[in-house]
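Quick note: the coordinates plus some simple rules give every number you see, no bench work behind them. This is a predicted model, so every value here is computed, not measured. FYI the Cβ positions are ideal-geometry reconstructions off the backbone, even for glycines, and counts take in every protein chain you see.
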Amino acid sequence: MIRIAKVLVLVALAAAFVLPGIAQAGQQDWPAKIRIGYIPVEGAANVKERFKDLNDHIAKVLGVEVEAFSASDYAGIITAMANKHIDFAYYGPKSYTDASVKANAQALVMELDESGQPGYLGVIITNKKSGIKSMEEAKGHTFAFTDPNSTSGYLVPNMLFYRDMEIKPEEYFSDVRFSGSHGASILLVANNDIDVAATNNIDLARAIESGNISEDDYNILWTSDLIPGAPYCARADLPESLKAAYMGAMLMYNTNKEGLKKLGVSGYRYSEDSIYDSVRYLKRLKAELEKKQ
């Protein structure tokens, strides 16, 4: 009940600042343009196009210009926020925990998956034509992680390898590489350029929605427990009114069902830093397990 009350208070606060075209108290501290960074779940150009409708919505509600920014890897978004080149960012849970330390990032809202869950599922996939139907059968084949700062594309599958299977991926697979994005991993598997890859159910849904693959193209070999939803974050030093308004705009987007479908999510809800303590625990555990191998 306390959290629900807090959400309502913050949404009410946000509403006080988001009436477009009307000068509101506190807006004099806002920049004329805000810059939003997006981790490269797809290629940089595709990321900007996918989030265009959402960014246009934020610009309209806040009454400011919005510039989208992506990078070649997750670390680039963290560095951009640390150097104040961006104001807001869409991170994965792991990259957020890094950005909260390195870039003064503050979680505002989080994604809900297509079923409405406050999170998402890591999956390991293979092409159906590969004949691989289990993680045991994946031994000796090629494998792709996404990015060292990815949660579902690196941290969580490493829990499977080091904790549950007690193996080193570089010894278990014939070749291990980083694809750079979830979209790239999915296409590598679909095109039989890599045998097995780590990704997640939200990015699979995005790939299907875009028409790049169909559900008949792949097998899911393994599914993780629920991972906290990817957060949309602000630099903590931004004006409180601007952060509240941005959060309010994100929650208002929940009424845009077509826009949400394009993003592969069902909506957004309030988030906070402590939600990602479980991810911090996994990071510590991974480091301990690697030392023991």
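Sequence neighbours fewer than 8 away in the same chain don't count; with that in mind, list the lysines whose C-alpha is under 21 Å from Lys262.
Partners within reach: Lys48, Lys52, Lys60.
Working out 0.36 nm times the residue gap between Glu258 and Leu226, then minus their Cα-Cα distance, what length gain in nm do you get to one decimal?
Details: separation 32, 0.36 × 32 = 11.52 nm, distance 2.49 nm.
Taking Glu258 through Leu226 to full extension adds about 9.0 nm, to one decimal.
What's the angle, to the nearest 10 degrees (0 to 90), between helix 277-292's Cα axis and the longest principal axis of the chain?
30
Between helix 240-252 and the chain, what is the angle of the helix's C-alpha long axis to the longest principal axis, kept within 0 to 90° and rounded to the nearest 10?
So the inclination is approximately 60 degrees.
Can you give the charge dipole size of the chain about its Cα centre, rounded to the nearest 20 debye, using +1 on the beta carbon of Lys and Arg and -1 on the beta carbon of Asp and Glu? The partial results should precede the final answer.
Numbers: 31 positive and 37 negative charges, 119 e Å.
That gives a dipole near 580 debye.
Using Cα-Cα distances under 8 Å and only pairs 6 or more residues apart, what relative contact order does the range 142-293 have, in percent? Working shown, then result.
Numbers: 141 pairs, mean separation 40.1, N = 152.
Once divided by the residue count of the range 142-293, the mean separation gives 26 percent.
In terms of modelled amide H atoms, which long-range or inter-chain residues lie less than 5 Å from the amide H of Val109?
Answer set, sorted by chain and number: Tyr232, Ser271.
So if each residue of separation counts as 0.36 nm, and I subtract the Cα-Cα distance between Glu67 and Lys133, what length gain in nm does that give?
Working: separation 66, 0.36 × 66 = 23.76 nm, distance 4.35 nm.
Full-extension gain reported as 19.4 nm.
How would the range 208-293 be classified by its alpha-carbon gyration tensor: rounded, prolate or oblate, with rounded meaning a/c under 1.5 and the a/b versus b/c comparison settling the rest? Write down the numbers at each step before the final one.
On the way: a/c = 3.09, a/b = 1.11, b/c = 2.77.
Oblate.
Defining a contact as two alpha carbons under 8 Å apart and six or more residues distant in sequence, what relative contact order in percent does the chain show? Before the final figure, lay out the partial values.
Details: 582 pairs, mean separation 81.8, N = 293.
Worked out over the chain, it gives 28 percent.
For the range 120-227, what is Rg from Cα atoms divided by 2.2 N^0.38 Å, rounded to two decimals? Kindly include the intermediate steps, with their values, before the conclusion.
Values: Rg = 12.3 Å, N = 108, 2.2 N^0.38 = 13.0 Å.
This ratio for the range 120-227 stands at 0.94.
Could you work out how much longer the chain between Lys292 and Val101 gets when fully extended? Use 0.36 nm per residue separation minus the Cα distance between them, nm to one decimal.
Numbers: separation 191, 0.36 × 191 = 68.76 nm, distance 2.66 nm.
Gain on stretching Lys292 to Val101: 66.1 nm.
Using a ≥ b ≥ c from the Cα gyration tensor of the chain (square roots of the eigenvalues), is it rounded, prolate or oblate, where a/c under 1.5 gives rounded and otherwise the larger of a/b and b/c decides, a/b for prolate?
Working: a/c = 2.14, a/b = 1.78, b/c = 1.20.
Prolate, since a/c reaches 1.5 and a/b exceeds b/c.
Tally the DSSP beta bridges in the range 120-227 and give the antiparallel ones as a percent, rounded to 5. Please list the in-between numbers first.
On the way: 12 of 18 bridges.
Rounded to the nearest five, the antiparallel share is 65 percent.
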